[in-house]
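Heads up: the structure comes next, in structure tokens.
None of the figures in this text is laboratory data; all of them are computed from the coordinates on show. Every value quoted in this text rests on a predicted model; they were computed, and no experiment measured them. For neighbour counting, all protein chains shown are included, and Cβ atoms are generated from backbone atoms with ideal geometry for every residue, glycine included.
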Amino acid sequence: MKKRYILDLRENMLIGDKYILEKYVSEGTYGYVWKAIRCSDEQIVALKIPKNQERGDAYLVEGEAFLNLRHKNIIQLNWMGRVDGYFVIEMEYFPGKPMSSELTETGSSIPRTFKTVYEIFERVLDGLECMHSKKIAHGDLKPDNILINTTDVKITDFGTSKLIEDCFVKTFDGAGTYAYIAPEVINSQKRYINSDIYSIGAILYQLLTGRTPHETFIQVINNFPYPRPRELNSNVTEKMEQVVLKTLDRDPLKRYQNIQEFRIAFREAVNEQFKQISEIKYVPRSTLADKKDALELAISNCKLGKYKLAEKILMTEVSNGHILPDYLLQLAYVYFKTDRRFEALRVLDEINMNSIELARQESFREALIYLRARILFRNKQYEQALKLFYRLHEKYPCVLNYSYRLAMCYGLCNQEDKAIKILEAINQETPGIWIVVKKLGQAYEQKKDFERARGYFKYALRLRPDDKYLVKKLEKYDFYL
């Protein structure tokens, strides 16, 4: 049994002997952010404390890359790990606010000139260029994740965990993500650097016009027509409009391929803009769309575990003739989560892949195969599940989730050597993931290599000292060996 931590967080609370919670800052879909004092040197830091403490090891997967990511326009990640049982992420404390806080129904709280908007946007590009130079895609770039104050701009919440994530729930992290995510990664567990280019295009479109290109998830999926920037703001030049529209191209190959290429075109358009239009011109007051379509409502309810309500929303759409592949995929997921697995497989068989936009077919097929494999695995059809996870692993070798699940299938199909090879590769790439280390112990035990099994069980217990299964397992090993 895993220990469940009750997050009863409050001011002046001591986290182990390492932090004192000073002031609550904000709450996101996946965690709380607190201003805190680091006890060792009384330094003010920001602590992000995930709501689901059991996923701490998944966060550790991305930690090594980001700990060394230093740039004045990126929130510095200092450390992550467990303190007195609590998983915490220590970050640089930045006294700013999300750009999205200005994008409310009542409009931007601070009218901004074109000059100011372009200066803010340049700082975002600086931070993103640094990330991309390290081969790191942000994966969720939006106004919520851009912090600003009177002098500085910083990107935060970069990266998504590689291990054991759920694309049917985690695709959308907070309101409005759908408006900024590139169409080719909507259903995918993979993130691409080029997809961030689309996201900055959506942000620039909003800064210049006062709205996002698409206002609902279904509009994004269906490539619903949206106004050209100059139709909403005549002060935008033709050259700037061309830059924005190229950035938002549905085909990743037709977008700018990197930040440097985009920046050259952007700066040329800015220079031309200021030749034609006074710098003191203001951009439109921006609003953040508060529209939720049926699919987003269903996904939101899945996040909350309200699967019956999600099913009702989706079935209403389907019965009204709106038989979109995305509705059916999410409905199959609902059936899977409510143990109607054969019904879920039936719904997956009804999906017509030819009706899906070419730019989205690969990511949609990925999600469909992934869900089918999970259903077959739960049905104990391990050989069939193995074939599907093998396909995903071969096509997306960097997605640790697929590698991990393939290893589980090998183990259950009595192919322990193949399971061990994959698990050891994961452990070498990202050492210290508790569940991977524990599974290695079980795999070696299955092979009757008890000394190695005991070694991995001991390692896993150091990572999770409260694991009663490991405690009992090692007691037996100590007795017999």
In terms of modelled amide H atoms, which long-range or inter-chain residues lie less than 5 Å from the amide H of Lys142?
-> none
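Only helical DSSP H runs with n ≥ 4 go in: add -39500 (n - 2.57) per run for the chain, normalise by residue count and round the 222 nm mean residue ellipticity to 500 deg cm²/dmol.
It comes out at -15500 deg cm²/dmol, rounded to the nearest 500.
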With contacts defined as alpha carbon pairs under 8 Å and 6 or more residues apart, what's the relative contact order of the chain in percent?
-> 12
What Kirkwood hydrodynamic radius do you get for segment 393-481 when you take the inverse of the mean 1/r over all pairs of distinct Cα atoms, in Å?
-> 13.2
For a quick protection proxy, order the peptides 312-321, 425-434, 203-212 by their average other-Cβ count within 10 Å, most packed first.
-> 203-212, 425-434, 312-321
Rg(Cα) / (2.2 N^0.38 Å) computed for the chain, rounded to two decimals | 1.04
Interchain or sequence-distant (5+) residues whose placed amide H lies within less than 5 Å of the amide H of Gly31 are Lys51
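By average Cβ neighbour count within 10 Å, what is the ranking of 180-187, 369-376, 333-340, 389-396 from highest down? Mind showing how you got there, number by number?
Numbers: 180-187: 23.9, 369-376: 22.0, 333-340: 19.2, 389-396: 17.6.
Taking the mean over residues of other Cβ atoms within 10 Å, the ranking is 180-187, 369-376, 333-340, 389-396.
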Determine by what factor the alpha-carbon radius of gyration of segment 297-379 differs from 2.2 N^0.38 Å, reporting the quotient.
-> 1.04
Before anything else, pin down the relative contact order of segment 297-379: Cα pairs under 8 Å, at least 6 apart, normalised by residue count, whole percent.
-> 23
Quickly rank 188-194, 473-479 as a protection proxy: mean count of other C-beta atoms within 10 Å, highest first.
-> 188-194, 473-479
